[in-house]
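Below is one structure; the comments refer to it alone.
The values are calculated or read from the model by the stated rules, or taken from the named source; none is laboratory data. Since the structure is predicted, the reported quantities are computational estimates derived from the model, not experimental observations. Virtual Cβ from ideal backbone geometry, glycine too; neighbours counted across all protein chains shown.
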Amino acid sequence: MRIKFLIVLLVMGIVLVGCTNAPVEQPELEDDTPEQDTPSDGDLDDASSDPDQPVSDDPENEDTFTILPVEEETDSVKGIYLGRMDTGAIEVLVDGAYKVFRWHMDEEEAQTGEIQPYTAIDIVYSTNEQEAQVVSNLTLAPEPGTPEIIPYKEEAVFIRYMGESQCYLEIEEQPHLFWFALELMESEPPTLTEDETIQASYYMDDYGRQVIVSYETLN
């Protein structure tokens, strides 16, 4: 009996060892993750040419973009330079009105050199936040010429010269500044004397200059 009992225990041990080492099959799990399409080279080219996508100027940094400068609005006028009010401003006669423009004397020296009073000029300017008119460019006007039509003829009394091509005439007891036309200066420079009465033919140009084209003495 004892031998049979030992045999039964041995058989049971072998069975238990075989059950323990048997491989366990794992059930297959279904993959519920949807498949993603890999973009082709053609799709990448289409995406890069999309006009709605921002374009970077820096290929190494897609967040870098060029900011175009805002163009400053400017205006232009023609007038007569009267003089400098201080180191940073000038006074100009424009359409019969006195106007002040911001223009530093260093810019005057760099652009035109010293300007004599009563010189005709062209101004390009902008208006800043303080409503000041700031000169961005200033050029000297050409010497006045002779137009086809001379609209005015006036009797006047010569007072004095103002430089080589300008003079003061008295009309109805009021002094007026006049310019001599370039052609008159080149052909027959005026030789007027104080208190001499003349009849002057003249016009007014775009700068506001009263330009004498011809004259004749009356006394």
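Being aliphatic (A, V, I, L, M), touching a Leu at 6+ places or on another chain (Cβ under 8 Å) and surrounded by 14 or more Cβ atoms within 10 Å (Cβ to Cβ): is that true of ALA89 here? When the stated conditions are applied, ALA89 does not pass them.
Residues in the stretch 155-175 that are of a type in the set (Phe, Trp, Tyr) and under 15 Å from THR191 (Cβ atoms): PHE158, TYR161.
Looking across SER126, SER136, one residue alone is outside the structural domain of GLU194 (by TED's automatic domain parsing), assigned to a strand (DSSP E or B) and in contact with an Asp or Glu (Cβ under 6 Å, 6 or more places away or on another chain). It is SER126. For the criterion of being on the phi > 0 side of the Ramachandran plot and outside the structural domain of THR197 (by TED's automatic domain parsing), ASP95 passes.
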